[in-house]
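Everything below concerns the one structure shown next.
The values are calculated or read from the model by the stated rules, or taken from the named source; none is laboratory data. None of the values given here were measured: they were computed from a predicted structure. Reconstructed Cβ throughout: ideal geometry from the backbone, glycine too, with neighbour counts over all protein chains shown. Remember, those area values only see protein heavy atoms, side chains included, never the ligands or the DNA or RNA. Shrake-Rupley method; radii C 1.70, N 1.55, O 1.52, S 1.80 Å.
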Amino acid sequence: MTSPSQAAAAGANAPPPGPDAAPAAEVGKGGAPLVGRSPGQLMWRRFKRDKTGVISAYIVIFFFVIALLAPVIAWLYGKNPYTTYGLDRPGLLNEFYYPIKPNGGIDGEFWFGLQPQLGRDVFTQLLYGIRTSLLIAVAVTLLCTLTGILVGVTAGYMGGRTDYFLGRFIDLLLAFPAQLSFVAFTPVVYSLFVSPEKETPTYLRVITLILVQWALGWMGLARLLRGQVLSLREREFVEAAKVTGASPWRIISKELLPNLWTPILVQSTLMLPTFVTAEAGLSFLGVGLVEPTPDWGRMFATGARHYQNDITYMFFPGVAMVIFVVAFNLLGDSVRDAFDPKTKR
């Protein structure tokens, strides 16, 4: 029987492993083998360590959940954003059509009070207003992201005349001031489909807001991706794919796009709150959604007319807008830092 000392001596005198021998598995704490992590897993680990990003993500998810469940919440609450409760029921508004109860009429029945003049429920208006604004902003963000990817990757990969003409087209659109162009072009698009003496339908207003913001919102992402592709297409792995006879579509989808997800995700998370505020601004100026459609910007416009006598009506949509925009911007910063392995926070 071999003693432990003899076994140790035999192991010490054993010849080194040959070139065909399998490498020993690395082990971590507790003897468990170490498993390599993908870039996505590393990004997720870095993101989870960022408390600001995690809290911001929860806030953003909360807003999207209440936007999706707005009809359910309103049904459970027992109110809707269209009924003029103050006009239909005496004792809620005074002779100047402002809430009789203090703080804008806030009580156990109307949680956020009543709208001046019309007496609508503010809580359900805010729910449906968030729903409307997020619906438009998400649609615009998706369209801008897809267009930016298509134009930016095409210009960067094709190069030559294609890159030149697409680049000049992007420069031309970037010359338009975004906010002023939104205000100027939105009524023009309305007039193309509806005569001035007729009321523009709500669905057409929503489609117009999406199209106008999309037409002038994708250029920044396209220019960013173009620059990224110009540097990536000269890398060894792209040249190797070309040598093997891979088609341009395969090179773009398998070699280039996986290396572009970082700027795409970061820019998308920063674009969405921009479009939320842009849509609200258009409705505030009267070229977006109008009565009786609930909308964040329209609530600001109504509150601006009555803030001297009832500032409470503007308080809730204003606080909600600030929280959402700040949380989404912080989330975008956290996503960018999580994708950057050199970031130390």
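Miscellaneous remarks
- Unique match (being in a helix (DSSP H, G or I), in contact with a Lys or Arg (Cβ under 8 Å, 6 or more places away or on another chain), of a type in the set (S, T, N, Q) and in contact (Cβ under 8 Å) with a residue 24 or more places away in the chain) among Thr124, Thr132, Thr147: Thr124
For (1) more than 19 Å from Met321 (Cα to Cα); (2) among the hydrophobic types (A, V, I, L, M, F, W, C), each residue gets a yes or a no:
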position	(1), (2)
Val65	no, yes
Trp75	yes, yes
Gly78	yes, no
Tyr82	yes, no
Gly86	yes, no
Glu95	yes, no
Pro99	yes, no
Gly108	yes, no
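- Across segment 67-116, the number of residues qualifying as surrounded by 18 or more Cβ atoms within 10 Å (Cβ to Cβ) and within 17 Å of Glu291 (Cα to Cα) comes to 6.
- Selection of segment 32-63 for residues being at pLDDT 85 or above, touching a Phe, Trp or Tyr at 6+ places or on another chain (Cβ under 9 Å) and either more than 13 Å from Ala338 (Cα to Cα) or open to solvent by 50 Å² or more (accessible area, probe 1.4 Å) (or both) yields Ser56, Ala57, Ile59, Val60, Phe63.
- Counted residues, segment 249-292 - those being assigned to a helix (DSSP H, G or I) and surrounded by 15 or more Cβ atoms within 10 Å (Cβ to Cβ): 29
- Counted residues, segment 117-148 - those being under 18 Å from Ile210 (Cβ atoms) and surrounded by fewer than 19 Cβ atoms within 10 Å (Cβ to Cβ): 7
- Single condition Leu230 does not satisfy, out of (1) modelled with pLDDT of 85 or more; (2) under 26 Å from Thr274 (Cα atoms): (2)
- Number of the condition not met by Ala178 [criteria: (1) surrounded by 12 or more Cβ atoms within 10 Å (Cβ to Cβ); (2) within 21 Å of Val138 (Cβ to Cβ); (3) at pLDDT 80 or above]: (3)
Here is a yes/no grid of residues against (1) at pLDDT 85 or above; (2) on the phi > 0 side of the Ramachandran plot; (3) of a type in the set (Asp, Glu):
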{"site": "Leu265", "(1), (2), (3)": "yes, no, no"}
{"site": "Glu291", "(1), (2), (3)": "no, no, yes"}
{"site": "Ala301", "(1), (2), (3)": "no, no, no"}
{"site": "His306", "(1), (2), (3)": "no, no, no"}
{"site": "Asn309", "(1), (2), (3)": "no, no, no"}
{"site": "Phe315", "(1), (2), (3)": "yes, no, no"}
{"site": "Met321", "(1), (2), (3)": "yes, no, no"}
{"site": "Ala327", "(1), (2), (3)": "yes, no, no"}
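- Scanning segment 240-298 for residues that are of a type outside the set (Ser, Thr, Tyr), farther than 30 Å from Ile207 by Cα and without any contact (Cβ under 8 Å) to a residue 60 or more places away in the chain yields Ala240, Ala241, Lys242, Val243, Gly245, Ala246, Trp249, Arg250, Lys254, Glu255, Pro258, Asn259.
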